[in-house]
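Asker: The structure is given below, and queries will be raised subsequently.
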Amino acid sequence: MSSPCDPRHAPAGDVGAALMVIDSRLKAVYDGRTGVDPEQQQLIDQFVASLGPKEVHDLLDGACTLIFMFMKWLRMAHEDHGKDVIEYVVPSLVAAMRNMPKSVRPEVIPTMAGLVVAAGTGLSPSLWRKQFGDWASEEMNPLEATAFLLAEHINRITDDRDFASRLITDALTGVDQDRRRGGL
């Protein structure tokens, strides 16, 4: 029996825009800019302010798609070593979020952990979250932090600062090529 949270039923959203935000944050951290960069934040704020309601939902769905794709890759990598992705990824993710009290309020950590567990078990994080109502404004930074932390985790275990971003761009390129060939 198919789950209502099956990824086949989920909108992919604007994966490119979500990846742009996460990749920009990764590059800033890798360049040693761990504080809030006022220019970068202003650009992101302007970008988000320019979005209409549909585009905002597309960006949220895109972030959830990133989380799903990162967890799918992590699940396969952990299974190759006989390990459970939930056991090895979720505790460190929660610990990292607890150390980010300015960006991630404690009461939203269970929701972000739930998104990651949903993705780690093959469910759509977007559809899983949707069953609890609309997104709250307090969940925006934590959602970004969740995607960022998963990408950084992938980059760290692969010892490649661009691996997670390349993983997504390669997948998007493959989809575009399939569409041009008439496969999708």
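Asker: Out of curiosity, is V104 surrounded by fewer than 18 Cβ atoms within 10 Å (Cβ to Cβ), modelled with pLDDT under 95 and in contact with a helix residue (DSSP H, G or I) (Cβ under 8 Å, 6 or more places away or on another chain)?
Answerer: no
Asker: Got a sec? Which of F148, F163, F132 is open to solvent by 40 Å² or more (accessible area, probe 1.4 Å), of a type outside the set (S, T, Y) and modelled with pLDDT of 95 or more?
Answerer: After applying the criteria, what remains is F163.
Asker: I've got another one for you. Consider only pairs whose beta carbons are under 6 Å apart and that are at least six residues apart or on different chains; among these, list those whose first residue lies in segment 148-172 and is closer than 18 Å to A96 by Cβ and whose second residue is loosely packed, with under 15 Cβ neighbours inside 10 Å and modelled with pLDDT under 95.
Answerer: R161/Y30
Asker: Next up: Test L19 against the criterion of being in a loop (DSSP other than H, G, I, E, B) and closer than 21 Å to S137 by Cα, and give yes or no.
Answerer: It is false that L19 is in a loop (DSSP other than H, G, I, E, B) and closer than 21 Å to S137 by Cα.
Asker: Here's a follow-up. Could you please find all residues in segment 32-47 being part of a loop (DSSP other than H, G, I, E, B) and modelled with pLDDT of 75 or more?
Answerer: Residues satisfying the conditions are G32, R33.
Asker: Could you tell me whether segment 79-101 includes any residue that is among the charged types (D, E, K, R), surrounded by 15 or more Cβ atoms within 10 Å (Cβ to Cβ) and modelled with pLDDT of 95 or more?
Answerer: Within segment 79-101 (the criterion being among the charged types (D, E, K, R), surrounded by 15 or more Cβ atoms within 10 Å (Cβ to Cβ) and modelled with pLDDT of 95 or more), the answer is no, since none of the residues qualifies.
Asker: How many residues does segment 105-117 contain that are closer than 14 Å to D6 by Cα and either of a type in the set (D, E, K, R) or touching a Ser or Thr at 6+ places or on another chain (Cβ under 7 Å) (or both)?
Answerer: Result for segment 105-117: 1.
The values are calculated or read from the model by the stated rules, or taken from the named source; none is laboratory data. Bear in mind the structure is a predicted one, so any value in this text is a computation, not a measurement. With ideal geometry, Cβ positions are generated from the backbone for all residues, glycine too; neighbour counts draw on all protein chains shown. These accessible areas exclude ligands, DNA and RNA; they are computed on the full protein's heavy atoms, side chains included. Shrake-Rupley method; radii C 1.70, N 1.55, O 1.52, S 1.80 Å.
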